[in-house]
Amino acid sequence: MNAGALSPRHRAAVLLLWAAAVALMVLQITRTAFTADLSAFLPATTDMQQRVLIDQIKSGAPARTLFIGIDGGSTEARVAASKALAGAMRASGLFEQVSNGENDAWAGVGSWLFERRYLLSPAVAPERFSAAGLREAIDDTLSLLGTPAGNAIKPLLDADPTGEVQRIAETMIPVRSPRSEDGVWVARGSSQHGGSEPGRALIMASTKAQGSDLDAQHAALTSMRAAFAPLAARTPQLTLQVSGSPVFSVDSRAQIEKEVKWLAIAGTLLMSTLLLLAFASPVALGVALLPVATGVLAGIVAVSLVFGNVHGVTLGFGATLIGESVDYAIYYLIQARGQPGAGWRHWLAKGWPTVRLGLLTSVCGFAALLFSGFPGLAQLGVFSIAGLVGAALATRFVLPVLMPDGARGVGLRRQLGRAARAAVAVLPRTRALWLLLGLASAVLVWQRSGLWEAELSSLSPVSKQALALDAGLRADISVGGDGGALIVVQGPDAETVLQRAEAAAERLDVLVEQRAIAGFDTITRFLPSQQTQQLRRAALPEPAALRAALAEATAGGPLKAERLEPFVAAVAAARTQTLDTPDSARGSAIAPLLNALMLQRGDGTWSALLPLQPVAGQAIDAGVVTAALQGLPQTQWLDIGGELGRMYTRYLGEARTQALLGALGVVALVALALRSPRRVLAVCQPLLLAVLLTLGGLALLNVPLGILHLVGLLLVVAVGSNYALFFDLLHQGHAGGTADSTPASDDTLASLLLANLTTVLSFGLIAMSQIPALSAIGRVVAPGALLALLLAAAFAPRPLRQG
């Protein structure tokens, strides 16, 4: 046996341990939950106001609301389809609320209001039940009998002569609403076909499932579309338009799953073809892919253990790991050619220390992501670190067992080596040009004050067409977009929050009168605080006193007191009526409203939301609203779109600081390992220029940069550090290779060029992704990695001649 060969026992032990590790990782992956919820890329915040906002986006009413339109066909066909579809959706049990303008849909809420009218009406006070108060209230009610509202009031007259139901209804009149035709909602404008046809029929619904439960959301959407299918079959001209957060979430998951599979397959095929051409050996190709597979498995398992689930974007990012982790295998398979049976020893002595240092610099850079305020980015950090470590360890321990002499086939390695050698001979002459370009890029980046201003929406894969449909349906249904404003009221318990919401509502009523806002919604119209309910109940007179006051109030009038005994009985019943609470209202008809406008957090605290409606054509003045609410405890104005933008901007700034600290850590690590300022400069200078030139190119193309572009720059540093370190190794005269190696080893140069090609091509595929979160990374790393290699070669010192 060759003295440098591994013993059979050693080989068997390594392979057995590796196989066991892979088996355990596969077992863990089978138990792992995978998600495509893009809210993972929202910040994790401890600010109470922002926590309410994030909760709403993840699982609140906006995350469960659907906007549905029925186009085409005749008016009668659309109306009939609206009624049939809404009925089927209600019967399915998958929807908490389905509204299409039909009165029956609100029958439950109407009963709730009627049965509790004396605890809900803002007009209830002791003076209202005096003779004078009753006379005035009854006269107001009678005056309405001749109006269009009379048909609704007349059946209630004997039991509600003071018009408490009418008073309650007046507080709930929407600022804007769709037009009603034949009992269902239709758009006020003409149809999208552009002329005289009436508008689409409209439905607004909310699913029972939480917004984060995408399987349940998918089931609800499938059920709705299945219910519409026979309607479209009977009237082929009818088309169904659906939008809203559930649609975006479900479609995004499907798109992410599709993209991840496509990227994994395309990336593997592309890398396999390139490596097969380079190695001219299917066996070497298979061995080269083992570190990649090991790294991907390790990354998925690490994320699963740390976070409890793995995001689809993280899996897509795993496809990018092919571009770097395969580099380790390339370095080994090409550089381990030496004495038969002992090439692996030569590589461990000469090549592995450089790979190990490059790995440590990559880990140091990606560690910055671990402290990100975005859980999704923290997942990418854990995945990257675990994946690269797994791939490096597989290269270090498994590949020497399987191919101790590296890849013996020649393939295109000689041509790659010659091309690399020719480039190395020319590139140092271009240093001045690179420095000028780097300076110009620095100036361009400095002057572009808005360079880092990508919005949070830039992470979303939702198409412009889908967003346009959503905006159109919202406008038809007269619902504001997500960029609206609301008042957030918080407190330690539900009663405190309801009292504070009532206080806020009083201030907002003044703003409505002043036309500063058009209106607002509040749960206290349906569920006042117990304090308010007690005050109203205490204002109700005893039956004898009420009869006496009624006799005086109705004397000489058209409505006789004797006829109003149902009213006396209703007031008497209300005097002993049980006060309602959020818990008692959970299973009632107002449960959907309660879930939308009031929520309890996991820590036991409560919040109430009061959405504001702007006056038509006029933005809400935040200063006016804030001033009106001044002095109210834990009551804050929240501009949804603006707050999301501010959150993202703040966390982007923090991420840039963390990335800078990671870069400084890389420099410190290189300095500690090389212990030579000249060598540290030779390694770090190309990395800095590569980052500057990449940023300069993006700035020149007017690409707004966000957090995922920052991740891409970290990858450029991670990949480029390997190139620079190997050129440093060549300078020291320790490049691995055959006995006839030249000062700049053809094998080492060929491995660097091949590794770069795999990286550029794999990230080039990522750049083509339709998922912005992935394409942003690819569009940074593909050119950045190429620049990193060119610059490492351009600024490498001349190799020392071997004597």
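With the simple model of a label 7 Å out from the Cα in the direction of the Cβ, ALA572 to GLN732 spans 10.0 nm. Across the stretch 538-688, the convex hull enclosing all Cα atoms gives 291 Å³ per residue.
One entry in (1) 126, 80, 63; (2) 126, 58, 56; (3) 69, 66, 64 is Cα extents along the principal axes in Å calculated from the shown coordinates; its label is (2). Using the Cβ-Cβ distance between GLN237 and ALA419 with R0 set to 60 Å, the FRET efficiency from 1/(1 + (r/R0)^6) comes to roughly 0.45.
If R₀ is 60 angstrom, what is the calculated FRET efficiency for the pair ALA442 and ARG586, using the beta carbon separation as r and rounding to 0.05? Efficiency at R0 = 60 Å is approximately 0.50.
A viscosity of 0.890 mPa s and a temperature of 25 °C, combined with the Kirkwood radius over Cα pairs in Stokes-Einstein, give a translational diffusion coefficient for the stretch 397-453 of 156 µm²/s. The mean accessible area for residues of the chain, using a 1.4 Å probe and ignoring ligands and nucleic acids, is 42 Å² per residue. Only one residue of SER272, GLY472, LEU412 has its Cα farthest out toward the positive end of the dipole of the chain, where Lys and Arg carry +1 and Asp and Glu -1 on Cβ, and that residue is LEU412. Counting only C-alpha contacts under 8 Å and six or more residues apart, can you give the relative contact order of the chain as a whole percent? Across the chain, relative contact order equals 20 percent. Helices in the chain that qualify as membrane-span-like (whole DSSP H runs, Cα extent of at least 27 Å along the helix axis, mean Kyte-Doolittle hydropathy of 1.0 or higher) are 8-30, 282-307, 375-397, 677-700, 707-731, 746-767, 772-794. With the convex hull drawn over the C-alpha atoms of the stretch 96-156, the volume per residue is 108 Å³. In the stretch 459-554, the convex hull through the Cα atoms has an average projected area of 11.5 nm², a quarter of its surface area.
Of the residues ALA19, ILE590, ALA655, the one whose Cα sits farthest toward the positive end of the charge dipole of the chain, with +1 on the Cβ of Lys and Arg and -1 on the Cβ of Asp and Glu, is ALA19. Between GLN531 and ASP140, how high is the FRET efficiency from 1/(1 + (r/R0)^6) when r is the Cβ-Cβ distance and R₀ = 35 Å? Nearest 0.05. The value I calculate is 0.80.
Rounded, prolate or oblate: which one fits the stretch 598-675, using the alpha carbon gyration tensor with axes a ≥ b ≥ c (rounded when a/c is under 1.5, else prolate when a/b beats b/c, else oblate)? Cα axes put the stretch 598-675 in the prolate bin. Computed over the alpha-carbon atoms, the stretch 235-393 gives an Rg to Rh ratio of 1.12, Rh here being the Kirkwood radius from the mean inverse distance.
Helical runs assigned H by DSSP (4 residues or longer) give the chain a calculated mean residue ellipticity at 222 nm of -20500 deg cm²/dmol, each run adding -39500 (n - 2.57) before division by the residue total.
Under 5 Å between amide hydrogens, built in the peptide plane, is the criterion, and for GLY244 it picks out PHE67 among residues at least 5 positions away or on other chains. In the stretch 217-304, taking the dipole from charged Cβ atoms about the Cα centre, the farthest positive-side position among TRP262, ALA229, PRO291 is held by ALA229.
Spin-label pair ALA539-ASP603: with each label point 7 Å from Cα along the Cα-Cβ axis, the two points sit 3.7 nm from one another.
Protection proxy ranking of 768-774, 433-439, 652-658, by the mean of other Cβ atoms within 10 Å over each peptide's residues and highest first, is 768-774, 652-658, 433-439.
Each residue of the stretch 606-611 was assigned a 3J(HN,Hα) from its phi angle through the Karplus expression (A = 6.51, B = -1.76, C = 1.60, θ = phi - 60°), giving 10, 9, 10, 10, 10, x Hz with x at Gly and Pro.
Put simply, the amide H of PHE374, placed in the peptide plane, has neighbours under 5 Å in ALA44, leaving out anything fewer than 5 places away on its chain. Amide hydrogen proximity for LEU612: with H placed 1.01 Å from N in the peptide plane, the residues at 5 or more positions away or on another chain lying under 5 Å are ALA485, LEU486, ILE487.
Rounded to the nearest 20 debye, the dipole size of the stretch 577-661 about its Cα centre is 220 debye, using +1 on the Cβ of Lys and Arg and -1 on the Cβ of Asp and Glu. Expressed as a whole percent, the accessible surface of the chain that belongs to carbon and sulfur atoms is 61, based on a 1.4 Å probe.
Taking the DSSP beta bridges in the chain as the whole, what percent of them are antiparallel, to the nearest 5? Of those bridges, close to 90 percent are antiparallel.
The values are calculated or read from the model by the stated rules, or taken from the named source; none is laboratory data. Since the model is a prediction, treat every value here as computed from it, not as a measurement. Don't worry about glycine lacking a Cβ; one is built from the backbone with ideal geometry, like all the others, and counts go over all protein chains shown. Just the protein is used for accessible areas: all its heavy atoms, side chains included, with ligands, DNA and RNA removed. Shrake-Rupley method; radii C 1.70, N 1.55, O 1.52, S 1.80 Å.
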